[in-house]
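S.K.: Below is a structure I'd like to ask you about.
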């Protein structure tokens, strides 16, 4: 449905929130890699990975077309799985997460927005699902 | 002067950011595309950050600078300065009510970032 294009309406807001997260996660990862990498290599590597996933999600959500929708779904799903796995893992093995990554403790350092954002993203992608996956 | 352990830079940002967000949300609910009110409030925020940036450099020179890592502090400040510039640019290219809501995101994001900068400057 035309009025349900995923980069329109509410989708605009979602793209901007993803863009803000891409920017802040990238800046944070860059800083951590420069200054603290040897202190918590796992946590900081995950910060860098999450920054990349946010960037991919932002671009894919902003673009039109079936392929962009599929890429969005892949990125947002990875984000959902990532925040859940790292959230659980950071409670089980806190020694590996002395320096917080965006997703550790389910994103508590960011007001749990990293946990809620992929849920909202998946809901939006479901609402804006292309009628058929074969036609562009 | 400090209020609740946070300086006036932070509290000014709270006031300006809140006013900006309230303006943007009201304009969004009225169904208005980005206009002088919503965009103006973002320009005020950008202006505040520029003054904050210059102020930080002056304070860096006349005091010991941030207690925390200076690189992290200025990293936050420069990142913060990109945000109103970005949302404002967005609102220039998209003339729908949704761009007004996009502008409204700026305030809360900046309040959180200036809070973090305050922590870095005074505490760790």
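S.K.: Where does helix B:70-93 land angle-wise versus the long Cα axis of chain B, in degrees 0 to 90, nearest 10?
M.R.: Once rounded, one gets 10 degrees.
S.K.: Compute the helix-to-body angle for A:41-62: its Cα long axis versus the longest principal axis of chain A, expressed 0 to 90° and rounded to tens.
M.R.: Value to nearest ten degrees: 10.
S.K.: Calculate how steeply helix B:36-62 sits against the longest principal axis of the alpha-carbon atoms of chain B, using the helix alpha-carbon long axis, and give the answer as 0 to 90 degrees to the nearest 10.
M.R.: Around 10 degrees separate the two axes.
S.K.: Run the quick spin-label model on residue B:54 and residue B:18: label points 7 Å from Cα toward the beta carbon, then report their separation in nm to one decimal.
M.R.: 2.7 nm
S.K.: Right, another one. Which three extents, in angstrom, do the Cα atoms of the stretch B:29-74 have along their principal axes, listed largest first?
M.R.: 48, 17, 11
S.K.: Okay, moving on. Calculate the spin-label point distance for residue A:93 paired with residue B:123, positioning each point 7 Å from the Cα along the beta-carbon direction, and give it in nanometres.
M.R.: 3.0 nm
S.K.: How big is the Kirkwood radius of the protein assembly as shown, worked out from every pair of different alpha carbons and given in Å to one decimal?
M.R.: Values: mean 1/r = 0.0514 Å⁻¹.
It works out to 19.5 Å.
S.K.: Semi-axes of the equivalent ellipsoid of the stretch A:2-127: what are they in whole Å, largest first, if each equals the square root of 5 times a C-alpha gyration tensor eigenvalue?
M.R.: On the way: eigenvalues 153, 40, 24 Å².
In descending order, the three semi-axes are 28, 14, 11 Å.
S.K.: Going by Cα centres, the stretch A:28-44 and the stretch B:49-124 are how many Å apart?
M.R.: The two parts, judged by their Cα centres, are 22 Å apart.
S.K.: When a/c reaches 1.5 or more, the comparison of a/b and b/c decides; with that in mind, is the stretch B:39-124 rounded, prolate or oblate per its Cα gyration tensor?
M.R.: Details: a/c = 3.23, a/b = 2.38, b/c = 1.36.
Note, shape of the stretch B:39-124 comes out prolate.
S.K.: For a Förster distance of 35 Å, can you work out the FRET efficiency between the beta-carbons of residue A:37 and residue A:5, rounded to the nearest 0.05?
M.R.: Numbers: r = 41 Å, r/R0 = 1.17.
Between residue A:37 and residue A:5 the formula returns 0.30.
S.K.: For every helix of n ≥ 4 consecutive DSSP H residues, a contribution of -39,500 (n - 2.57) applies; sum these over chain B, divide by its total residues, and give [θ] at 222 nm rounded to the nearest 500 deg cm²/dmol. Please list the in-between numbers first.
M.R.: On the way: 4 runs with 99 residues, N = 124.
Taking each H run of at least 4 residues, the total per residue is -28500 deg cm²/dmol.
S.K.: Now for a separate question. Just subtract the alpha-carbon distance of residue A:113 and residue A:129 from 0.36 nm times their residue separation and send over the number in nm, one decimal. Mind dumping the intermediate values first?
M.R.: Working: separation 16, 0.36 × 16 = 5.76 nm, distance 2.35 nm.
Taking 0.36 nm per residue and subtracting the Cα distance, the gain is 3.4 nm.
S.K.: Shifting gears a bit: Could you state, as a whole-number percent, how many of the C-alpha pairs of the stretch B:56-102 are farther apart than 12 Å?
M.R.: Value for the stretch B:56-102 (Cα pairs over 12 Å): 69 percent.
We did not get these values from a lab; they are worked out from the coordinates using the rules stated. Being a predicted model, the structure only gives us computed values, none of them experimental. As a convention, Cβ positions derive from the backbone with ideal geometry for all residues, glycine included, and neighbour counts pool all protein chains shown.
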